[in-house]
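Here is the structure we will look at, set down as structure tokens.
The values are calculated or read from the model by the stated rules, or taken from the named source; none is laboratory data. Worth saying up front: this structure is predicted, and the values here are computed from it rather than measured. Note: ideal-geometry Cβ built from the backbone for every residue, glycine included; neighbour counts use all protein chains shown.
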Amino acid sequence: MLTPPFTREQFFDVFRAYNEALWPAAVALWLGAMAVAVTHWRGRGDHRTFGALALLWAWSAIAYHAAYFTRVNPAAWLFASLFLVEAALLAHEALVARRLRFASRGTIWSRAGWILLAYALAYPALASVGHVTRWHAPTFGVPCPTTLFTAGVLLLTTSGSWRLSIIPVLWSLIGGTAAVLWHVRADLVLPIAGFVLTTFSLATHATDLDASARSTRPRGM
């Protein structure tokens, strides 16, 4: 495992600086995510959800990675770029493509999605356990809970999207290392979320290919 170019204290000091300066935004982002979850629970979710996700990823890119994490980790510039790419893909889905549809709550994938949504919303409270002060704990709007919430939403769709899933799956591996390196127990779920999202994308892609093949097969065959 590669050793990061910063210490554990520096890592959590970044969260402290971020939280002290931007805590009202963290509260607003959490409330917005809760509104998205409630909307879907009522069966009223639509393409605008991806616009909300785009905002979360752009916020993580600029307000966390670029503004704060670059102070201790030069690779954060690359992370910020990846998060902006994901924000652009999600915005495109919200405003232009509108290909994805949301499934009922009865599927195994949607159940997994709801578990991840609930976990992402509980993440700030879970992550605060064990810290000297709550200012040092990751809050909603930073990369890891953003990834968990996004994975949950994608699992609520009727078919996976590799374009929208690749970067969240990649971050589930990168961010998940914090669970081991810095004992951020709330991040232990990240690799699991990445695995479930990958499996969902593979399974639904195979189903879509099979359905497409059957629709193009000449009658009588």
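The one condition from (1) modelled with pLDDT under 80; (2) surrounded by 15 or more Cβ atoms within 10 Å (Cβ to Cβ); (3) farther than 23 Å from residue 121 by Cα that residue 213 does not meet is (2). For residue 111, the requirement of being assigned to a loop (DSSP other than H, G, I, E, B) and out of contact with any Gly (no Cβ under 6 Å at 6 or more places or on another chain) is not met. Scanning region 66-75 for residues that are free of Cβ contacts under 8 Å to residues at least 24 places away in the same chain and either surrounded by 21 or more Cβ atoms within 10 Å (Cβ to Cβ) or of a type in the set (S, T, N, Q) (or both) yields a single hit, 70.
From 79, 50, 12, which residue is in a helix (DSSP H, G or I), of a type outside the set (Lys, Arg), surrounded by 15 or more Cβ atoms within 10 Å (Cβ to Cβ) and modelled with pLDDT under 95?
12
Against the definition (closer than 18 Å to residue 65 by Cα and assigned to a helix (DSSP H, G or I)), how does residue 148 come out, yes or no? So residue 148 fits the description; yes.
In the set (1) modelled with pLDDT of 95 or more; (2) of a type outside the set (Gly, Ala, Ser); (3) more than 23 Å from residue 117 (Cα to Cα), the condition left unmet by residue 57 is number (3). Scan region 154-183 residue by residue and report those that are in contact (Cβ under 8 Å) with a residue 40 or more places away in the chain, surrounded by 24 or more Cβ atoms within 10 Å (Cβ to Cβ) and within 29 Å of residue 5 (Cβ to Cβ). Result: 168, 171.
Of 120, 151, 88, all but one fail to be surrounded by fewer than 23 Cβ atoms within 10 Å (Cβ to Cβ), at pLDDT 95 or above and under 16 Å from residue 57 (Cβ atoms); the exception is 88. Note on region 91-104: residues that are surrounded by fewer than 20 Cβ atoms within 10 Å (Cβ to Cβ) and assigned to a helix (DSSP H, G or I) amount to 5.
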